[in-house]
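S.K.: Before I ask anything, here is the structure I am working with.
We did not get these values from a lab; they are worked out from the coordinates using the rules stated. The structure presented is a predicted model; accordingly, all values stated were derived computationally and were not measured. Here Cβ is always computed from backbone atoms with ideal geometry, including for glycine, and neighbour counts include all displayed protein chains.
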Amino acid sequence: MAKVAKRTAAARAQFTGKTNLTVEDAVKLIKTAASAKFDETLEIAMNLGVDPRHADQMVRGVVQLPNGTGKVVRVAVFARGAKADEATAAGADIVGAEELAATIQSGKIEFDRCIATPDMMPLVGRLGKILGPRNLMPNPKVGTVTMDVKTAIAAAKGGEVQFKVEKAGVIHGGIGKVSFTEEALAQNVRAFVEAVTKARPAGAKGTYVKKVSLSSTMGPGVSLDVASAAAH
């Protein structure tokens with residue numbers, strides 16, 4: 001049997017018997033228990049009553065967190081000419097066309113968000129098998145296929161989080177750093193839950209949000225009272 005580290009055991013002890021907490025209580029508990037040597041990320045997981053194998057039950061979208069993610073986001077933009085210049089001026093980390101596609105095909109992916117102008121999609125589409133599994137494929141539904149590259153770059157770097165339901169009906173994302181204030185984290189939690197709730201697909205039947213849980217990168221998870229998570 002694997003030996004449990006003292007830090008892990010101590011953290012788990014603080015969570016024992018605590019379930020269905022309010023957002024504020026859960027955030028306070030996680031901040032208190034976080035003991036890693038780095039600034040851990042607050043992670044959220046939502047179990048939804050959907051089967052994403054059916055097209056009318058797919059859930060995906062984007063949310064602008066009111067207090068950002070605390071993470072430095074590297075942005076790559078597929079564009080040519082004036083739009084490439086606009087992307088560079090707007091702070092994109094990587095800008096290119098065929099040469100950028102070749103770099104990605106070689107396995108070198110040094111960005112966290114990929115944006116493309118519509119005219120570049122025939123080229124970007126060839127990278128679907130590489131970018132798709134990493135949730136990096138530009139998509140007009142979440143604003144990453146656009147002529148307004150300046151706004152898209154600003155959103156990506158300013159705390160925008162994309163979400164997409166996985167096969168098991170779960171959505172998860174990083175929504176801030178444990179070093180944030182309790183109030184800031186609670187606001188981010190509710191913004192994320194609200195965005196997923198609004199993205200409810202037409203094919204969803206019965207209870208849509210079944211469970212919401214929070215955890216830090218290295219810490220145990222705790223379930224939230226769904227009503228508290230959905231409150232404004």
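S.K.: Taking only C-alpha pairs under 8 Å that are 6+ residues apart, what is the relative contact order of the chain in percent?
M.R.: Relative contact order comes out at 39 percent.
S.K.: Looking only at segment 48-73, which residues have a backbone nitrogen under 18 Å from a spot 7 Å from the Cα of residue 198 in the C-beta direction?
M.R.: 59-69
S.K.: Still on this structure: So if we plug the beta-carbon distance of residue 108 and residue 167 into 1/(1 + (r/R0)^6) with R0 = 22 Å, what FRET efficiency do we get, rounded to 0.05?
M.R.: Using R0 = 22 Å, I get an efficiency of 0.20.
S.K.: Any chance you could list P(r) for the chain, counting all Cα-Cα pairs in 10 angstrom bins from zero, rounded to whole %?
M.R.: The percentages, shortest bin first, are 8, 29, 30, 23, 9, 1, 0.
S.K.: Report the calculated FRET efficiency for residue 98 and residue 210 (r = Cβ-Cβ distance, R0 = 41 Å), to the nearest 0.05.
M.R.: 0.35
S.K.: Calculate one ³J(HN,Hα) per residue across segment 102-118 by plugging θ = phi - 60° into the Karplus curve 6.51 cos²θ - 1.76 cosθ + 1.60, and present them in order as whole Hz with x for glycine and proline.
M.R.: 3J(HN,Hα) across segment 102-118, in whole Hz: 5, 5, 5, 5, 7, x, 8, 10, 10, 8, 10, 9, 10, 10, 9, 6, x.
S.K.: In whole angstrom, how far apart do the alpha carbon centroids of segment 63-140 and segment 153-232 sit?
M.R.: 24 Å
S.K.: Expected output is a single nm value to one decimal: the length gained when fully extending between residue 53 and residue 71, i.e. 0.36 nm times separation in residues minus the C-alpha distance. What is it?
M.R.: Extra length from residue 53 to residue 71 when fully extended: 3.3 nm.
S.K.: Compute the relative contact order of segment 75-157 as a whole-number percentage, counting only Cα pairs closer than 8 Å that sit 6 or more residues apart in sequence.
M.R.: 36 percent
S.K.: Here's a follow-up. For segment 61-72, just list the computed ³J(HN,Hα) in residue order, Karplus coefficients 6.51, -1.76 and 1.60, θ = phi - 60°, integers in Hz, with x standing in for Gly and Pro.
M.R.: x, 8, 9, 8, 5, x, 10, x, 9, x, 10, 7
S.K.: Name the long-range amide H neighbours of residue 95: under 5 Å, sequence gap of 5 or more, or other chain; modelled H, no Pro or chain starts.
M.R.: Amide H to amide H, under 5 Å and 5 or more residues apart or across chains, residue 95 pairs with 77.
S.K.: For residue 209, list long-range residues whose amide hydrogen, built 1.01 Å from N in the peptide plane, is under 5 Å from its own amide hydrogen.
M.R.: 49
S.K.: A further question on this structure: Among DSSP bridges having both ends in the chain, what percentage is antiparallel? Round to the nearest 5.
M.R.: 70 percent
S.K.: When the label point is put 7 Å from the Cα of residue 36 along its Cα-to-beta-carbon vector, which residues of segment 63-106 have a backbone N closer than 17 Å?
M.R.: Under 17 Å, as judged by backbone N against the label point of residue 36, lie 69-73 of segment 63-106.
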